[in-house]
Every structure is written in structure tokens, then in C-alpha cells.
1. Among the listed residues A:123, A:85, A:113, identify the single one that is in a helix (DSSP H, G or I) and either surrounded by fewer than 19 Cβ atoms within 10 Å (Cβ to Cβ) or at the interface with chain B (Cβ under 10 Å from one of its Cβ atoms) (or both).
2. Every residue in segment B:42-52 that is open to solvent by 70 Å² or more (accessible area, probe 1.4 Å) and not aromatic (Phe, Trp, Tyr), please.
3. How many residues does segment B:32-41 hold that are touching a helix residue (DSSP H, G or I) at 6+ places or on another chain (Cβ under 8 Å) and surrounded by fewer than 16 Cβ atoms within 10 Å (Cβ to Cβ)?
4. Check whether at least one residue in segment A:97-109 is farther than 16 Å from residue B:42 by Cβ, in contact (Cβ under 8 Å) with a residue 40 or more places away in the chain and more than 10 Å from chain B (Cβ to nearest Cβ), and report yes or no.
5. Could you tell me whether residue B:50 is within 11 Å of chain A (Cβ to nearest Cβ) and at pLDDT below 95?
6. Tally up the residues in segment A:59-78 that are within 8 Å of chain B (Cβ to nearest Cβ) and surrounded by fewer than 17 Cβ atoms within 10 Å (Cβ to Cβ), please.
7. If we keep just the residues of segment B:53-77 that are more than 8 Å from chain A (Cβ to nearest Cβ) and open to solvent by less than 30 Å² (accessible area, probe 1.4 Å), which is farthest from residue A:84 (Cα to Cα)?
8. Can you report the number of residues in segment A:75-90 which are among the β-branched types (Val, Ile, Thr) and within 8 Å of the chain's Cα centre (by Cα)?
Amino acid sequence: MTTVSTNSDPRPISPYLIGPYYRPQLTSMLSIASRLTGVFMTAVLAPVMALWLLALALGPDSYAVMTGLLATWPGQVLVIASLFSLCYHLMNGIRHLIWDTGRMLEIRQIYTSGWIMVVLAFSLALWVWWSAGAGS
Amino acid sequence: MGLVECGGGIMNQTSHAATHHGGLGHWLWQRVSSLVLIPLTLWVLWAGVQLAGAEHAEAAALLGHPGHALMALLFTGVMFFHAQSGIQVICEDYVYPPWFQSALIWLTRVACFAGFVVSAFAIGRLALGA
């Protein structure tokens, strides 16, 4: 058990996943990506979505400013990153909910569901992007 | 006991001012919000496809429709709750010292609540056609 040796009241701490201590694996990378997409969506997508709704509600002028900003290349990067994050977080979230019922917890199943989830997340994002482009 | 440990129950016993309630309730509500967000997220993706490149009148009409306004309200409500609940767990795992951890958790809660208030105001205005 790893402990903080300088602490007067040593408590167990989690193993460090970042750095040379732990080999990167599909399982840990997918888990970290789930948290990163969650943080990204909380910090960027959620506020942009609220501001988009506000701009729409306030009228055509503010809506035009918002759609204009989203049409710039940084805006488009934001939209694509948000779309991918949403699809990924959705698919990995479903995987986590299945685990919470006690299913699919064998190592082989975890790797298989991981790859299936990645393929589904990319496919969903690409399909939504293609549908949006075809519609506009 | 297994559930409490999974829910960060052990972490929560280390006197974190922002999170001194039980971890099981937090764990459960995180799962409930995840489950509810599955259909709501599919609706958001569908709406996103409809609204890509839409003119103001078109977008206002879609979100002004009572059914879609309700979906948007549900999505923003559950999503902002889920967001602050997820950030809380990440803060509990990585942020130190405890006062800074509590401050970040509360800041996230206030910001998410503000995000929901702004969204609800906008959706209400669109639904009432104001």
C-alpha cells in the first residue's frame, strides 16, 4: 500500500496513473477520456449551449452573432469536439451503466466492449455530422 | 458495503466540507441522471441535426414547440446536474488541499445552476413566444 511518508497521519492514496508508474492501456485511456470529455463539455459545451439558447430567445440579431461565431474555424473546431465528446461520453456512459449491473466485467469483455464503444461513438458522431451537413 | 466504497464513501469520510453527506446517494443520483440522459442526449443530437444552418425563425419555431421545449428543459436540467456531480468526483479524486477542493466543487455547482437558470429562461421565452 502506497502512503504519504511525510504525513503525520498516513492515509492510503490511489496509485498514480500518469507518469512512468503505470503502463497505458485501452481500459485506463478510455476511462480517462470519459472524464476529459465530461470536463470539456462542462467547461465549454454546456455554457455555449446555454448562451446559444439565450441568443435564440433574445432575437434574430443576437442569434446571428452566435451562429456567426460558431461558423468561424475555431467555432467549427468547438462544434466538432463537442459532437465527438457527446457521442463518446454517451457510449462509454452506457458501458459504465452495464458494468454497474454487474455484467460484462471479465477482462476480455471489457476490452471487446471498449473497442465496440469506440467504433460506435465515432460512427454516431460521423453520422450526425453527415446528416447535419446534408440537411443544411 | 461494496456500493458505498464504489460511491466514494471512503473518500467522503475524510472531512470534505463540500461533500460530507453519504457517498451512496451521490453515486445513485449520478447513475439515475446518466440513465435519463441517454434518451435526452439522442434528442439533442437529433435537434442539432435539425438546427444546423437553421434560420432564426426556424430554430425558434422548433424550440418553441411545447414538446421540444420540454425536452430542452429536461436536458439542460439533468445535464447541468450530471455535470456538477461528475466534476465533484474528479475534484474529490485529484484536487488538494481540501479547502480548494470544496471551493472548486461549490464554484462548479453555482456555475451549473446559473447555466440552467439561463437555459430555462431562454426556453421559457421561446415556448411562450415572447
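1. Values: A:85 fails: either surrounded by fewer than 19 Cβ atoms within 10 Å (Cβ to Cβ) or at the interface with chain B (Cβ under 10 Å from one of its Cβ atoms) (or both); A:113 fails: either surrounded by fewer than 19 Cβ atoms within 10 Å (Cβ to Cβ) or at the interface with chain B (Cβ under 10 Å from one of its Cβ atoms) (or both).
One residue alone meets the criteria, A:123.
2. At the first step, the residues of segment B:42-52 found to be open to solvent by 70 Å² or more (accessible area, probe 1.4 Å) are B:42, B:46, B:50.
B:42, B:50, listed by residue number.
3. Going through segment B:32-41, the residues touching a helix residue (DSSP H, G or I) at 6+ places or on another chain (Cβ under 8 Å) turn out to be B:33-38, B:40-41.
Still in the list and also surrounded by fewer than 16 Cβ atoms within 10 Å (Cβ to Cβ): B:35, B:38.
Qualifying residue count for the region: 2.
4. Applying the first criterion (farther than 16 Å from residue B:42 by Cβ) to segment A:97-109 yields A:98-109.
Filter once more, so that each one left must be in contact (Cβ under 8 Å) with a residue 40 or more places away in the chain: none.
Scanning segment A:97-109, I find no residue that is farther than 16 Å from residue B:42 by Cβ, in contact (Cβ under 8 Å) with a residue 40 or more places away in the chain and more than 10 Å from chain B (Cβ to nearest Cβ), so the answer is no.
5. Numbers: within 11 Å of chain A (Cβ to nearest Cβ): yes; at pLDDT below 95: no.
No, not satisfied.
6. Within segment A:59-78, residues that are within 8 Å of chain B (Cβ to nearest Cβ) and surrounded by fewer than 17 Cβ atoms within 10 Å (Cβ to Cβ) number 3.
7. B:64
8. 0
The values are calculated or read from the model by the stated rules, or taken from the named source; none is laboratory data. As the structure is a computational prediction, the values presented were derived from the model and not from experiment. Don't worry about glycine lacking a Cβ; one is built from the backbone with ideal geometry, like all the others, and counts go over all protein chains shown. Accessible surface is based on the protein model in full, side chains and every heavy atom, while ligands, DNA and RNA are left aside. Shrake-Rupley method; radii C 1.70, N 1.55, O 1.52, S 1.80 Å.
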